[in-house]
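Worksheet: the structure to be examined is printed underneath.
The numbers here are math on the coordinates, done by the rules we state, and not lab data. As the structure is a prediction and not an experimental result, all values here were calculated from the model. Cβ: placed from backbone, ideal geometry, glycine included. Neighbour counts: every protein chain shown.
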Amino acid sequence: MVTSVERGRQVRRRLLDAAAHLVAERGWAAVSTRALAERAGVAPGLVHYHFPSVQELRAEAAVDAARSVADQVGRALAGTRHADDVAAALLGVLDAHDGTDPVSVLLLEAYLAATRDEELRRALGDVVVDLRGLVAARLTAHAAPEADATAAVLVAAVDGLLLHRALTPGPGAGELTAAVRRLLGPGGAR
């Protein structure tokens, strides 16, 4: 038997999933209470029972997606043996996203919305800082010089590449990793 607490968690999760999909399909501003309720299969009143506003629901869905991608990166980084493996792992996550997939579009929409929403900007910024920290920690573990700055550049490059993929297809992780290795120069990544 499902408890009311568990049922509430399930409704909340369905609303977050609905928000993520609707933002990707329709755009940030086009997600309404009615559309969320319909997509989640709940009464419209439950949207505001679980979230103070549609803005906060969209923001939480976007931050959850960003954390999920950061978690993917963290898992990919765990098996690295050299600093250049860190770049390869980070760039490899791009192969799961073409810039027009639902997660990519949600994150692109969220980045834009964050320019107008200080709380969303802070929450997404925290995810970026944490991701940079993961990358820097792995670079440091492999004795890479200037790990914090290198991590910042690599994470920003991945964001930029994702943005570019929304406009035009780009090279895959293998080609990108080779380019990063060339930029780092001989012995610079080990």
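Worth a mention:
- The helix-only estimate of mean residue ellipticity at 222 nm for the chain, built from DSSP H runs of length n ≥ 4 each weighted as -39500 (n - 2.57), is -25000 deg cm²/dmol after division by the residue total.
- Packing, as the average of other Cβ atoms within 10 Å across residues, places the peptides 54-65, 96-107 in the order 54-65, 96-107, highest first.
- Between PHE51, GLN10, ALA151, the Cα set farthest toward the positive side of the dipole of the chain (charges on each charged residue's Cβ, about the Cα centre) is that of GLN10.
- Within the chain: Cβ-based charge dipole about Cα centre, in debye rounded to nearest 20 (Lys, Arg +1; Asp, Glu -1): 260
- Among 75-84, 167-176, sorting by the average number of other beta carbon atoms lying within 10 angstrom of each residue, highest first, gives 75-84, 167-176.
- Contact order for the chain, expressed relative to its length and based on alpha carbon pairs under 8 Å spaced 6+ residues apart, stands at 23 percent.
- Modelled spin labels at ALA29 and ASP98, positioned 7 Å past Cα toward Cβ, are 2.8 nm from each other.
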